[in-house]
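These notes are about the structure you will find just below.
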Amino acid sequence: MTHSIRRQLALIFIGLMAGTIFLCWLMNNLFLGQYYIRSRTEVIYEAYHKIQQAANSDTYSTEAFRKELNDVCGIYNITVYVMDANSRLKYASINGGEELEKRLTAYIFGFFTDEVEIIEEGDGYVVQKLHTEGEDFLEMYGRLSTGISFIMHTPLESIRESAKIANRFLAYMGIVAALAGGVIVWFVSTKITKPILELNRISEKMVHLDFEAKYEGGARNEIGLLGENINKLSASLERSISELKTANNELQKDIERKEQIDAMRREFLANVSHELKTPIALIQGYAEGLSEGVNDDPESRSFYCEVIVDEASRMNNMVKKLLTLNQLEFGNDVVAMERFDVAALVKNYVQSAGILTRQNEITVRMEEYGPVYAWGDVYKTEEVFMNYFSNAVNHCRAVAGNSDKLIVVSLEQREGKVRIGVFNTGQPIPEESVPHLWEKFYKVDKARTREYGGSGVGLSIVKAIMESMNQKYGVENYNNGVLFWFELDGNERS
C-alpha cells in the first residue's frame, strides 16, 4: 500500500508545531519560577562578589567601590548594608540600606523570627526567600572571613517584571526550540528528498550510458515505485546497448583485421619480392651459363652449381623464416608456457654450436650455472637465443689491443626475472641504426649480411616471440662490442 508524500509532510509538520507549542508550555510551567529566582539570585551574587573583593583588598571605603556598588544597586534594585567587625557602618545603599541594620544584627545574633525559605547556604553566607509587609523578598546575609558583615535585600517584583523575565526566558527557549525544530526539519527533509536526489543522480548517469547505479530505496510510495521502474528501464537499456556494442565491436575488429591482413600481405609480398630478386637473378644467370656451356671445364661447372645450390638454400632459409614470422605476427602460433631450466637450454645450444665457433676461431665464455628455472615457451626461447648467438658469431670481430674474438653468455636473476645476455666483441652498432634493428629486412651492413647469408628477419622473429610472451628484450652498445638480451619470468636459483 502506497503512502502519499503530501500527507506524510502534513502530518510531520503538524506534529512538529504541536510538539513545539507543548514543549514551550511545559517548560514555562516547570522552569519559569526557578529561572526567575535564579536570575535574581545571580544579581545578588554579583553584589556579593564585589563586596568580597573589596573586603579582601580593603577598598570598600573608597569612592570607586561605592560608585560601583551604587550602580549595581540602582540597576537591579538591591538594598545593601555593610558593617565591620565592630558593628560600624561601612556602606549603606541610598535606597534604604540603613534600614537593614537591625535585620543584619538580628541574623548575626540569631533572634530573627520571621518565617523564611532558605534557597542556598554557603561558606559564610545564606540566601533565602521571605514574605514581609505583604511582599516577597530575596535576601542574602553573612559574615566574611575578614569580619565584614553584610545584608542584601531585593524585592521579587510585580507581574511586570515577571513578564519581562518570562518573555526573556521564552525568547531563550524559543531559540532553542527553533534550533531543535530546524535540525528536525533538516533531517526529515533530507530523508524525504534523498531518494529524489538519488533518482536524479541515476538518471544523469543513464544519460552518459552508465547503468551501474541502481535505486535501492525500499519505501512503498510514489518515489519507491518510480525507482523500481527506473531500475527496470536501466537494465533493459543496458542489455540493448551491450548487444549493440558487442555487435559493433566485432564488426570493427573484423574490419581492422581485414585491413591489417591486407597491409601485411602487401608488405610481405613487397619484402619477399625485394629479397628474392638478387638470388633469383644469380640462379638464372649461372643456370643460363651452364646451359650455354660458357665454361666446359669441370671446375667451372662445379663452381656454377655450388653458387646455384647456395642461393637456393639461402632462398629456402629466408622463406622459412618469413613463414615463421608471418605466423607469429598473425597470432596463429600458440605460446605454450611452461617452467623449464633455461640454463640447461642455453648450455646445450652453446655446446651444439661449438663446431661453428671453432671454425670461426671464436672463444665462448659462460659461467658454470646451476639450474635456473624460468617460465616461457621452450622452443620459442631457444629460437630467440639461437638468433642472438648466430648474430654474435657472424658479427664477432677482434678489437684493438686484443687479438681474440670473444662471445660471453650470461644469466642474471633479479626482481623475479631471468635476463639472458649474449655479448660479442666487435664494432658497436651505429646509434642511428639501433631503433631499426627489429624491423623486417633491416640490415646495418648489407654487404656483410649477404656474406654470411643473413636475411634481416632474425631480430624481427625475436621481437614477435618476446611480445607474444609479454617479456622485455633489447640491445646495448659497448666500446668493445654489442650485448643482446631478453628476459623471462623466473624463480630463485635452486
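The values are calculated or read from the model by the stated rules, or taken from the named source; none is laboratory data. Small disclaimer: the values here were computed from a predicted structure and weren't measured. Every residue, glycine as well, gets a Cβ built from its backbone with ideal geometry; the counts of neighbours run over all protein chains shown.
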*Under the condition of being in contact with a Lys or Arg (Cβ under 7 Å, 6 or more places away or on another chain) and more than 30 Å from Ile196 (Cα to Cα), which residue from region 231-280 is modelled with the lowest pLDDT?*
Asn271
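Looking only at region 455-474, count how many residues are surrounded by fewer than 16 Cβ atoms within 10 Å (Cβ to Cβ) and not basic (Lys, Arg).
Counting residues in region 455-474 that are surrounded by fewer than 16 Cβ atoms within 10 Å (Cβ to Cβ) and not basic (Lys, Arg) gives 3.
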*Any chance you could count how many residues in region 430-439 are out of contact with any helix residue (DSSP H, G or I) (no Cβ under 9 Å at 6 or more places or on another chain) and outside any helix (DSSP H, G or I)?*
1
*Looking at (1) at pLDDT 85 or above; (2) surrounded by 16 or more Cβ atoms within 10 Å (Cβ to Cβ), find the lone condition where Asn477 falls short.*
(2)
*Residue check: is Gly142 at pLDDT 65 or above, surrounded by 14 or more Cβ atoms within 10 Å (Cβ to Cβ) and out of contact with any Cys (no Cβ under 6 Å at 6 or more places or on another chain)?*
yes
*Go through (1) in a loop (DSSP other than H, G, I, E, B); (2) modelled with pLDDT under 65; (3) not polar (S, T, N, Q) one by one and return the number of the condition Asp296 breaks.*
(2)
_Looking only at region 96-125, filter to residues that are in a strand (DSSP E or B) and in contact with a helix residue (DSSP H, G or I) (Cβ under 8 Å, 6 or more places away or on another chain); which one of those is surrounded by the most Cβ atoms within 10 Å (Cβ to Cβ)?_
Tyr125
*Just to be sure, is Tyr81 modelled with pLDDT of 80 or more and in contact with a Leu (Cβ under 6 Å, 6 or more places away or on another chain)?*
yes
*For residues that are over 18 Å from Asn316 (Cβ atoms), at pLDDT below 80 and either touching a strand residue (DSSP E or B) at 6+ places or on another chain (Cβ under 7 Å) or of a type in the set (A, V, I, L, M, F, W, C) (or both), tally how many sit in region 449-472.*
0
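Return yes when Ile407 is among the β-branched types (Val, Ile, Thr) and surrounded by 21 or more Cβ atoms within 10 Å (Cβ to Cβ) and no when it is not.
Criteria met by Ile407.
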_Scan of region 227-263 for residues that are surrounded by 11 or more Cβ atoms within 10 Å (Cβ to Cβ), of a type in the set (A, V, I, L, M, F, W, C) and more than 34 Å from the chain's Cα centre (by Cα), ordered by number_ = Ile261
*Could you list, in sequence order, all residues of region 78-91 that are over 16 Å from Tyr45 (Cα atoms) and either in contact with a Lys or Arg (Cβ under 7 Å, 6 or more places away or on another chain) or surrounded by fewer than 18 Cβ atoms within 10 Å (Cβ to Cβ) (or both)?*
Met83, Asp84, Ala85, Asn86, Ser87, Arg88, Leu89, Tyr91
